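Peer 1: Before I ask anything, here is the structure I am working with.
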Amino acid sequence: MNAALSLSLCMIVRDEEACLGRCLNSVAELAPEIIVVDTGSNDRSVDIAKEFGAKVWQFDWTGDFAQARNVSLAHAVGDWVLWLDADEELAPEAGRAIAALIATTDADGIKVTVRSHNPPGETTLYDDGTITRLFRRRAGVRFEGAIHEQVGPSIVRLGGRIDSAPEIVILHHGYATSVAQGQDRARRNLRTLEAAVQKHPDDAYLRFHLGATCQAAGDATRAEAELLRAIESNRGELSQTLSALAYCKLAQLALARRDDAAATDRARLALALDGHNAVALQVLGVALAQCGDLKGAKTAFVALIQEPRVTGEVRAFAERLVKAL
């Protein structure tokens, strides 16, 4: 089988002229079919897509990401589908790895690494997450969720198998903006998330994202309530990574209000699930130091220094504290 000829890239875009070319250039030798659904661009997004040979369809935005993505899926003809956002690109070796994998695997979906670059002032240079971005095109496989949409649940319901290929990396640049821009994005997403949670109040995955969005928007009280409810209602919707992230965010919120005991407990819960969570290590070190446990704080900061994703500023801060302690 010629793997390259069996792959369709599916995207939805709107006013993405600043980054769309970079995204499409990263898949130019991998995906002979590019499907772009434009939801109302007023810039050169459509022209750029066509320059790369994309098939472009117009779709009036309804506020539902899954609905728009399913329109793109309906127009695809490849045996496999890769979905990307315009502010993403494949890492240099990812295309070759994808071509090799889909030529040999009997899985129905593939979880890959999405590496999100962080804005200035964060603890880490980037954060890694896993999500099903590559899957066989077959009847019944559809995107679900008005926001933070997923295709994996429909694959599983159909009896399909999802494997992991963490070596395949998608670089996400959309979060590498200012704090103010991140807050604006969070406020825009908030209404959609609230509507989704109202329809599915027991969905821990949606509750988690609502809590994280409230935190990004600056509403600490509501963020804590939603994150706690996500953990309490979790019936398998949250992966171990997301559960760790929920505890980490709760630790940050506790530290911000100077509840060092709660921050310590929550950071430790996060680290029990993800021992390399740099933010949890940082929160733990600060909270322990403020509680007077200088030995414990030093241990946390030493571990933080060893994490490769930590920014230079945070590493220098931790090194100074280790010397002082």
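Peer 1: Being surrounded by 18 or more Cβ atoms within 10 Å (Cβ to Cβ) and more than 22 Å from the chain's Cα centre (by Cα) narrows it down to one of 74, 54, so name that one.
Peer 2: The unique qualifying residue is 54.
Quick grid of which residues meet (1) among the hydrophobic types (A, V, I, L, M, F, W, C); (2) in contact with a Pro (Cβ under 6 Å, 6 or more places away or on another chain); (3) more than 30 Å from residue 33 (Cβ to Cβ); (4) surrounded by fewer than 19 Cβ atoms within 10 Å (Cβ to Cβ):
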position	(1), (2), (3), (4)
137	no, no, no, yes
141	yes, no, no, no
171	yes, no, no, no
175	no, no, no, yes
211	no, no, yes, no
215	no, no, yes, no
218	no, no, yes, yes
223	yes, no, yes, no
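For every residue, the table says whether it meets (1) outside any strand (DSSP E or B); (2) more than 19 Å from the chain's Cα centre (by Cα).
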{"site": "47", "(1), (2)": "yes, yes"}
{"site": "99", "(1), (2)": "yes, yes"}
{"site": "132", "(1), (2)": "no, no"}
{"site": "147", "(1), (2)": "yes, no"}
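Peer 1: Select from the stretch 220-237 the residues that are part of a loop (DSSP other than H, G, I, E, B) and either within 20 Å of the chain's Cα centre (by Cα) or not assigned by TED's automatic domain parsing to the domain that holds residue 201 (or both) and list them in ascending order. Walk me through it before giving the result.
Peer 2: Filtering the stretch 220-237 for residues part of a loop (DSSP other than H, G, I, E, B) gives 234-237.
Correct list: 234, 236, 237.
Peer 1: Looking only at the stretch 83-127, count every residue that is free of Cβ contacts under 8 Å to residues at least 60 places away in the same chain, of a type in the set (Asp, Glu) and either closer than 25 Å to residue 66 by Cα or in contact with a helix residue (DSSP H, G or I) (Cβ under 9 Å, 6 or more places away or on another chain) (or both) and tell me the total.
Peer 2: Number satisfying all stated conditions: 1.
Peer 1: Another question about this same structure. Just to be sure before I move on: is residue 250 assigned to a helix (DSSP H, G or I), of a type in the set (A, V, I, L, M, F, W, C) and under 23 Å from the mean Cα position of the chain (by Cα) in the structure I sent?
Peer 2: Details: assigned to a helix (DSSP H, G or I): yes; of a type in the set (A, V, I, L, M, F, W, C): yes; under 23 Å from the mean Cα position of the chain (by Cα): yes.
Yes.
Peer 1: Going through the stretch 203-219 one residue at a time, which ones are among the acidic types (Asp, Glu) and either more than 20 Å from residue 240 (Cβ to Cβ) or within 15 Å of the chain's Cα centre (by Cα) (or both)?
Peer 2: At the first step, the residues of the stretch 203-219 found to be among the acidic types (Asp, Glu) are 203, 219.
Correct list: 219 only.
Peer 1: Further question on the same structure: So residue 263 passes all but one of these: (1) buried (at least 24 other Cβ atoms within 10 Å of the Cβ); (2) within 23 Å of residue 312 (Cβ to Cβ). Which condition number does it fail?
Peer 2: Every condition holds for residue 263 apart from (2).
Peer 1: Does the stretch 61-70 include one or more residues that are touching a helix residue (DSSP H, G or I) at 6+ places or on another chain (Cβ under 9 Å) and under 15 Å from residue 31 (Cα atoms)? Working first, answer last.
Peer 2: Residues of the stretch 61-70 that are touching a helix residue (DSSP H, G or I) at 6+ places or on another chain (Cβ under 9 Å), as a first pass: 61-65.
Subsequent filtering for residues that are under 15 Å from residue 31 (Cα atoms) retains none.
Among the residues of the stretch 61-70, not one is touching a helix residue (DSSP H, G or I) at 6+ places or on another chain (Cβ under 9 Å) and under 15 Å from residue 31 (Cα atoms), which makes the answer no.
Peer 1: Among the residues of the stretch 266-308, write down those that are closer than 19 Å to residue 242 by Cβ and acidic (Asp, Glu). Walk me through how you get there before you give the answer.
Peer 2: Step one: filter the stretch 266-308 for residues closer than 19 Å to residue 242 by Cβ, giving 266-281, 283.
Selection gives 274 alone.
Peer 1: Could you check, for the stretch 164-177, whether at least one of its residues is in a helix (DSSP H, G or I) and either of a type in the set (A, V, I, L, M, F, W, C) or modelled with pLDDT of 90 or more (or both)?
Peer 2: Our first condition is that a residue be in a helix (DSSP H, G or I); within the stretch 164-177, this holds for none.
No, because not a single residue in the stretch 164-177 is in a helix (DSSP H, G or I) and either of a type in the set (A, V, I, L, M, F, W, C) or modelled with pLDDT of 90 or more (or both).
Peer 1: Between a first residue in the stretch 62-79 that is of a type in the set (Lys, Arg) and a second residue that is outside any loop (DSSP other than H, G, I, E, B), which pairs have beta carbons less than 9 Å apart while being 6 or more apart in sequence or on different chains?
Peer 2: Matching pairs, first to second residue: 69/10; 69/11; 69/12; 69/37; 69/83.
Peer 1: Also: May I ask you to list the residues in the stretch 1-45 that are in a helix (DSSP H, G or I), more than 21 Å from residue 109 (Cα to Cα) and in contact with a helix residue (DSSP H, G or I) (Cβ under 6 Å, 6 or more places away or on another chain)?
Peer 2: 20, 21, 45
The values are calculated or read from the model by the stated rules, or taken from the named source; none is laboratory data. These figures come from a predicted structure and were not determined experimentally. Glycine also receives a Cβ, built like all others from the backbone with ideal geometry; neighbour counts cover every protein chain displayed.
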